[in-house]
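Take a look at the structure set out below.
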Amino acid sequence: MNVKDLLTRWPVVQQILTRGDGMHADAASDRTRNLVPKHHGAQVARSVCPYCAVGCGQLVYHKDGKLISIEGDPESPISRGRLCPKGSDSHELLTHANRETRVKYRRPHSTKWEELDLETAMDMIAQRVWDSREHTFVEARGGEALMQTTAIAHLGGATLDNEENYLLKKLFAGGLGMVCISNQARI
Amino acid sequence: MPGLGTTFGRGGATTALPDLMNADAILIMGSNMAENHPVGFQWVMEAKERGAKIIHVDPRFSRTSAVADLRAPLRAGSDVAFLGGLVSYVLDNGKEFREYIVNYTNAAILVSEKFQDTEDLDGLFSGWDPKRQLYDPQSWAYAHCGAGPDGEEHFAHGGHAKESGQITAVDLTSCERDDTLQHPRCVYQILKRHFARYTPDMVERACGVPRDLFLKIADTFCSASGPEKTAAICYAVGWTQHSNGVQIIRTAAILQLLLGNIGRPGGGIMALRGHASIQGSTDIPTLYDILPGYLPMPKFGVNSRDLTTYYSKHRDRTGWWWNIDKYMVSLLKAYYGEAATKENEWGFSWLPRVTGDHSHQGYFLDMMDGKVEGLFVMGQNPATAGPHTRFERKALAKLKWLVIRDLVELETASFWHDSPEIERGELRTEEIATEVFFLPAAGHAEKDGCFTNTQRLVQWHEKAVDPPGDAMIATAGDEVEVVSTVPALQALGHGIEGNDRVDECL
């Protein structure tokens, strides 16, 4: 940057040269001049707020695999771009510091959590499920099909996707014969 | 859901949030909509700007009350009395939409001579069995309707899970009726007698709503209904969480039908559900007594012998339940693929049979008795959100294994080292034999999928980023991916052949 350039940026010079008022663009710093919104150049995914059942539309801005911000979607016929304080803050639901990102395991009678890799955990869970099912499953009673185990249960939340609910019911009931399947939607 | 299901066939809101702006009056009860469904409330405010009267009836003065035109305090739990008062007001003052109820409701249909009301039997309806503490609903049926396919006379019945298995519905067009609504046994007259006791004075006594205020609300709501106008009712958990929630909602449904407010712009009942996909979780249920689309689960010894028995218990002669066989076969084929054939009844015998109350509260009782070995918890927190949390936390300690999938380590995951019972010495960590697996979950912006909102709009949400670390996705049509993610499905991928049924499920 040469001296002339620097001088012409001085608000008083601008005032003299352009009869400006020495404010706004005349007075802006380099930093201000180069400011861009935080989701500048970001990609956007269309989503739905996970809190209440109004189902407000959300625009999820992300860049390089990182979430940047979540805003209301003006094209939603339900919310018309609006979000309530909770919905506006749903970005933090996904990014706050206490979010768990690793598998944790507690042995019987143990007093502490241990680390476990995902694959081992899955194998162990699969084995538990199968053991419990194998010795509790009843195929028939009095000559009539029962195909049931009451020794394994499931409790789901109502923020599970429809696809998740479908697969859970299909696997647990249609596959494993579990009948103790519930959800917070039971009222 | 049963309140709306019994009345309208399906347990869901009868209207959409944006349609509220077409209402001439909106009655909000059991809800603080302005604060708890704030973005949906914009449509109420829009209606108000267009001249609608907003009525809030609630024990608490809230922000919803602050913007209402009329506001009544209500003694907690007296909702049925208040709504009963409105029903009575409609019937006594001839405010009903006559043409509508004659043509679109069962008001004109005659009920069996055997039916006796609570006035006749000192508080009980006919059919009460004191030994079993249950009603036998046979005497409540319509009189003289057409015979069913099996030659027996059938009885009207509509329902959430269509679960009673005792009575099936009839073709209402074949029933004896009186379109003048004068016959003493027509539904309209029975209703009139039944609700006669709900006078404004009774409402004042039961609900604590001053008589004049009640009459003003009744007049406002009824004046906003009729051939040229419509009024809506909004409710939330302030109704549903009562032990008599079903009866409250059913009374609201009766009121709206009498006024002709169902199925018309601006009218209806708006069930404000609490969570993103509460409605979806019953439509495509993870509940013990129903299958997707409200098909009832087979009940052992009731309807489960074969498909013919199942259909005969649940097929209605009018409406969409006439097609129950098509729905059921479609579902079984979706479940069992090519293994479902006509010869094996599409795998109907592979479905587990229900033998009792396997709901959350039912199986937690069994858990306490040591009858439940394993529990999956995905997105719920029974240790703090159950009906009796101390009991539930102690029941968790009886499990062999527990799998929790969530965003944070919630109380259900930490009951064994950090709970009031540990603090009080009722449970000791070293003595708890439960094996606990905590699996991190993916959030809503980290997976593709859809929610069904409060008005039954199914909305897709796109995946924006990958979930962090081990966090898991259990979603989307690609079931191969699910095999590696929904834990128990993986069991199926681990050499557990030899069980045809399970293989077929994949």
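Take the range A:79-109 and flag every residue that is within 23 Å of B:Thr454 (Cα to Cα) and in a loop (DSSP other than H, G, I, E, B). Let's see the steps before the verdict.
Keep residues of the range A:79-109 that are within 23 Å of B:Thr454 (Cα to Cα), which gives A:79-91, A:93.
Within the range A:79-109, A:Ser79, A:Arg80, A:Gly81, A:Arg82, A:Leu83, A:Cys84, A:Asp89 meet the criteria.
Any idea which of (1) in contact with a strand residue (DSSP E or B) (Cβ under 8 Å, 6 or more places away or on another chain); (2) over 27 Å from B:Asn244 (Cα atoms); (3) part of a helix (DSSP H, G or I) is the one B:Phe82 doesn't satisfy?
Among (1) in contact with a strand residue (DSSP E or B) (Cβ under 8 Å, 6 or more places away or on another chain); (2) over 27 Å from B:Asn244 (Cα atoms); (3) part of a helix (DSSP H, G or I), the lone unmet condition for B:Phe82 is (2).
Which residue is surrounded by the fewest Cβ atoms within 10 Å (Cβ to Cβ), if the candidates are limited to the range A:159-187 and must be within 25 Å of the chain's Cα centre (by Cα) and among the β-branched types (Val, Ile, Thr)?
It comes out as A:Thr159.
Can you tell which of A:Arg186, A:Arg128, A:Arg141, A:Arg133 is of a type in the set (D, E, K, R) and within 23 Å of B:His275 (Cβ to Cβ)?
Selected residue: A:Arg186, the only one of A:Arg186, A:Arg128, A:Arg141, A:Arg133 that is of a type in the set (D, E, K, R) and within 23 Å of B:His275 (Cβ to Cβ).
Do you know which residues across the range B:240-289 are polar (S, T, N, Q) and over 30 Å from B:Tyr363 (Cα atoms)?
B:Thr251, B:Gln256, B:Asn261
Which pairs have Cβ atoms under 9 Å, sit 6 or more apart or on different chains, and link a residue in the range B:28-53 that is in the same structural domain as B:Asp79 (by TED's automatic domain parsing) and at positive phi to one that is outside any helix (DSSP H, G or I) and among the small types (Gly, Ala, Ser)?
B:Gly30/B:Ala236
Go through (1) in contact with a Phe, Trp or Tyr (Cβ under 9 Å, 6 or more places away or on another chain); (2) assigned to a loop (DSSP other than H, G, I, E, B) and name the single condition B:Gly280 misses.
Tallying (1) in contact with a Phe, Trp or Tyr (Cβ under 9 Å, 6 or more places away or on another chain); (2) assigned to a loop (DSSP other than H, G, I, E, B), B:Gly280 fails exactly one: (2).
Residues in the range A:121-136 that are facing another protein chain (nearest Cβ under 8 Å) and more than 30 Å from A:Arg102 (Cβ to Cβ): how many? It would help to see each step written out before you state the result.
Within the range A:121-136, the subset facing another protein chain (nearest Cβ under 8 Å) is A:121-130, A:132, A:136.
Applying the additional criterion that residues be more than 30 Å from A:Arg102 (Cβ to Cβ) yields A:136.
Final tally of qualifying residues: 1.
Looking for something β-branched (Val, Ile, Thr), surrounded by 13 or more Cβ atoms within 10 Å (Cβ to Cβ) and either touching a His at 6+ places or on another chain (Cβ under 6 Å) or not assigned by TED's automatic domain parsing to the domain that holds A:Val48 (or both) - is there at least one such residue anywhere in the range A:103-115?
Looking only at the range A:103-115, we keep the residues that are β-branched (Val, Ile, Thr), and these are A:103, A:111.
Going one step further and asking which of them are surrounded by 13 or more Cβ atoms within 10 Å (Cβ to Cβ), we end up with A:103.
Remaining after also requiring either touching a His at 6+ places or on another chain (Cβ under 6 Å) or not assigned by TED's automatic domain parsing to the domain that holds A:Val48 (or both): A:103.
Looking for residues that are β-branched (Val, Ile, Thr), surrounded by 13 or more Cβ atoms within 10 Å (Cβ to Cβ) and either touching a His at 6+ places or on another chain (Cβ under 6 Å) or not assigned by TED's automatic domain parsing to the domain that holds A:Val48 (or both), one finds at least one in the range A:103-115, hence yes.
If you go through the range B:342-369, how many residues are under 18 Å from A:Asn183 (Cβ atoms) and buried (at least 21 other Cβ atoms within 10 Å of the Cβ)?
7
Of all the strands (runs of 3 or more DSSP E) wholly in the range A:36-78, which have at least 3 residues that are over 14 Å from B:Glu462 (Cβ atoms), more than 8 Å from chain B (Cβ to nearest Cβ) and without any contact (Cβ under 8 Å) to a residue 40 or more places away in the chain?
Here the list reads A:66-72.
Condition first: over 18 Å from A:Asp73 (Cα atoms) and under 28 Å from the mean Cα position of the chain (by Cα). Now tell me which residues in the range B:455-467 satisfy that.
B:Gln455, B:Arg456, listed by residue number.
Scan the range B:235-247 for residues that are crowded, with 23+ Cβ neighbours inside 10 Å and within 19 Å of B:Gly85 (Cβ to Cβ) and report the count.
We begin by selecting, within the range B:235-247, every residue crowded, with 23+ Cβ neighbours inside 10 Å; these are B:235-236, B:238-239.
Filter once more, keeping what is within 19 Å of B:Gly85 (Cβ to Cβ): B:235, B:238-239.
Count: 3.
Tell me, which residue of the range A:137-158 that is more than 7 Å from chain B (Cβ to nearest Cβ), among the hydrophobic types (A, V, I, L, M, F, W, C) and without any contact (Cβ under 8 Å) to a residue 24 or more places away in the chain is surrounded by the fewest Cβ atoms within 10 Å (Cβ to Cβ)?
Only one residue tops the list, namely A:Ala140.
The values are calculated or read from the model by the stated rules, or taken from the named source; none is laboratory data. Since this is a predicted model, take the numbers as computed values, not measurements. No Cβ is skipped: glycine too gets one built from the backbone with ideal geometry, and neighbour counts run over all protein chains shown.
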